Amino acid sequence: MKKTIIIVVIALLGLTQQAKAQLYIGGSLTAHASFNNNRSIAVSVAPDIGYGIGNWNVGTMFNAYAYNSEDEPGTSLRLSVTPYAEYYFFSAGPVSLFAEAGIGFLFTNDLVDEAPKGQLFVNPYLAPGIEISLTDHFSVMCHLGRLEWNSEINDISLTMSGESLALGLYYSF
């Protein structure tokens with residue numbers, strides 16, 4: 001078993017060097033507070049790891065989301081794992097445009113919207129984005145919206161507002 005793992009790792013390293021592929025890590029940190037009728041605070045931490053080759057990136061994002069509201073006592077915790085693929089269709093200097101498709105697996109342990117504890121939801125999505133390369137290794141990615149089917153509420157939604165804007169910092173090896 002150990003020999004097989006070593007052979008696979010060496011083969012992947014060889015392919016990486018031959019095809020100019022890149023491993024990258026990054027993610028985003030977001031916070032949102034609302035002080036209207038219902039005071040609420042939401043915090044999200046989303047690390048991301050992936051592998052890029054040519055015009056394609058394939059990766060997985062992990063997201064931990066905590067939500068606390070005055071109307072509903074207690075804190076809601078949601079964890080998600082989202083494998084995705086990105087295709088870069090335009091590049092001009094340090095700016096690149098891409099389309100991302102993925103499927104999120106959301107695990108909840110809350111009672112928000114009367115959802116029972118410990119449920120699993122599946123959310124496939126499409127999202128446009130822009131990447132700005134700051135250096136050879138660092139870049140900033142921005143997702144500009146999202147078309148998503150939300151199995152939690154059985155709804156298709158298209159969000160293109162300031163609240164759906166997601167920024168992340170990435171490091172490519």
FRET efficiency for residue 60 and residue 4, using Cβ-Cβ distance with R0 set to 22 Å, rounded to 0.05: 0.45
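Using R₀ = 22 Å, calculate the FRET efficiency as 1/(1 + (r/R₀)^6) where r is the Cβ-Cβ separation of residue 133 and residue 29; round to 0.05.
0.60
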Once you put a point 7 Å from the Cα of residue 99 and another 7 Å from the Cα of residue 85, both along the Cβ direction, what distance in nm separates them? 1.2 nm
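Values in this text are rule-based calculations from the coordinates and carry no lab data. All values derive from a computational prediction rather than experimental measurement. We place every Cβ from the backbone using ideal geometry, glycine too, and count neighbours over all the protein chains shown.
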